[in-house]
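The values are calculated or read from the model by the stated rules, or taken from the named source; none is laboratory data. In this text, all values refer to a predicted model and were calculated from it rather than measured experimentally. Backbone-built Cβ (ideal geometry, glycine too); neighbour counts: all protein chains shown.
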Amino acid sequence: MSIRALAMDAIVKRVIARSGKQDVAAEIARRRADGPPAPAAVPASVAKRFGVSETRVAGSRVVTLRRRDARPGRALVFLAGGGYAHPISSSHWKAVAQVATAAGVDAVVPLYEVIPVGDATRAQAFVAEVLAETIAERGAGAVYLAGDSAGGGLALSVLQHHPEGVRAAILLSPWLDVELAHPAAAVLQTWDAILDPDELRRWGRAWAADLPTSDPAVSPLNGRFDALPPVHVVSGGRDLLLPQALDAYRLLQRAGNTGTFTYAPDANHAVGLSRSATPEAKRVHDEVVRILRS
C-alpha cells in the first residue's frame, strides 16, 4: 500500500470520526419535511472544457458533457454513487470529466433522485429511459454504461432488464446486495475507511421502498447474468463491497460474459473513479480508460 494511500486513509478516518454516525431514520424524516439534498452543479473547471446541456426525462434531470473538439459519437452513461442517500458531488463531476476526456467519449449523467424522493423502482425506470434515448441518438454499440458504488448497483439492475445496444458496462466498487449478507463483510468493515455497514443497510432498506431488499431491482446480485454485454468489474482489497464484486464476476464468468475483473489489493472503496488520489487509483483509472477506448 502506497504512503499516499495510507495518508488518505488516515485523513478519511479522521473526517468520518468527527462527523459521527448518522441517524438514518431521523435524516429521512428531516428530508421529508425539508426536501433532499440537491445535486452539485457542474464545476466551472469542467464547464470550461465541455459543452454542458441539460434536459428532462420522465421529469428528472439529465446533464450531458459534450467534448468541444469532436463530433457526437460514443457516449458514457454514468450513474454517480452516494449510497442512494447523497446526490452527485463536485468530485464526481470532475472524475466523470477526467474519464470522458481521456477516453474520448461524451458523458451523459442521469441525476436520479435520492431517498426519500427516489427509490429503486423509480430510478430504474428513469435510467432505462435515458439509456434507450442515448442509444437511439448515438447508435447501438456506441454507448457504455457505468457507475460507482450505489451507481454501479443501479447500472447493473438496469442492464439486467435492458442489455440491448449497450457496448459494455463498467461497475466501480458496485453495491449489489443492500443487506451486505456476505460473511466477509464483517471482516472488511475493519479495513474500509469509508463505508459504515449499518448505515448502508438502513439506506438500502429505504431505497427498496415497497420491494423486498432481495429484489434484483434493489440487489442486482440476485438478478440475471446471462445475455449481457461485457461487464467489467472493479474493486479494491480494502473495500467493504469487495465480496459482492467477486460474486458478481463469478456469476458473469459462469454465464460466459467476456468482461474483466480489475483488482487493486491495497485500494479502498471507489478505486478508479479518480486518477489523482493515489498510485493505486491511477493504475485502475487507466484500465477503465483502456476499456472505454478499446
With respect to Gly151, determine if the residue is surrounded by 24 or more Cβ atoms within 10 Å (Cβ to Cβ) and part of a helix (DSSP H, G or I). yes
Report, by residue number, each residue of the range 43-64 that is modelled with pLDDT of 95 or more and aliphatic (A, V, I, L, M). Ala44, Val46, Ala47, Val52, Val57, Val62, Val63
Out of Leu145, Leu176, Leu188, Leu172, sole residue that is under 16 Å from Ser214 (Cα atoms) and of a type outside the set (Asp, Glu): Leu176
Would you mind telling me which numbered condition in (1) surrounded by fewer than 20 Cβ atoms within 10 Å (Cβ to Cβ); (2) in contact with a strand residue (DSSP E or B) (Cβ under 7 Å, 6 or more places away or on another chain); (3) not acidic (Asp, Glu) Leu76 fails? (1)
Could you say whether any residue in the range 182-192 is among the β-branched types (Val, Ile, Thr) and surrounded by fewer than 18 Cβ atoms within 10 Å (Cβ to Cβ)? yes
Scan of the range 146-175 for residues that are more than 10 Å from the chain's Cα centre (by Cα) and farther than 15 Å from Thr260 by Cβ, ordered by number: Ser157, Val158, Leu159, Gln160, His161, His162, Pro163, Glu164, Gly165, Val166
In the set Pro212, Pro229, which member is touching a Leu at 6+ places or on another chain (Cβ under 9 Å) and modelled with pLDDT of 95 or more? Pro229
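Could you tell me which residue of the range 209-224 is nearest to Ala248 (Cα to Cα), considering only residues that are surrounded by 21 or more Cβ atoms within 10 Å (Cβ to Cβ) and not hydroxyl-bearing (Ser, Thr, Tyr)?
Step one: filter the range 209-224 for residues surrounded by 21 or more Cβ atoms within 10 Å (Cβ to Cβ), giving 217-221.
Next cut, not hydroxyl-bearing (Ser, Thr, Tyr) only: 217-218, 220-221.
Details: Ala217: 15, Val218: 15, Pro220: 9, Leu221: 6 Å.
Step by step, filter the range 209-224, then rank; the result is Leu221.
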Wholly within the range 41-118, which strands (runs of 3 or more DSSP E) include no fewer than the required count, namely at least 3 residues that are over 30 Å from Ile28 (Cβ atoms)? 50-57, 60-67
Of the conditions (1) in contact (Cβ under 8 Å) with a residue 40 or more places away in the chain; (2) part of a helix (DSSP H, G or I), Ile135 satisfies every one except a single condition; which number is it? (1)
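Listed here are the residues, each with its yes/no results for (1) free of Cβ contacts under 8 Å to residues at least 12 places away in the same chain; (2) farther than 23 Å from Leu200 by Cβ; (3) over 23 Å from the mean Cα position of the chain (by Cα).
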| position | (1), (2), (3) |
| --- | --- |
| Asp23 | yes, no, yes |
| Ala26 | yes, no, yes |
| Arg30 | yes, no, yes |
| Pro36 | no, no, no |
| Pro39 | no, no, no |
| Val42 | no, yes, no |
| Ala47 | yes, yes, no |
| Val52 | no, yes, no |
| Arg56 | yes, yes, no |
Ser90 passes all but one of the listed conditions (1) without any contact (Cβ under 8 Å) to a residue 24 or more places away in the chain; (2) out of contact with any Ser or Thr (no Cβ under 8 Å at 6 or more places or on another chain); (3) of a type in the set (S, T, N, Q); the exception is number (1)
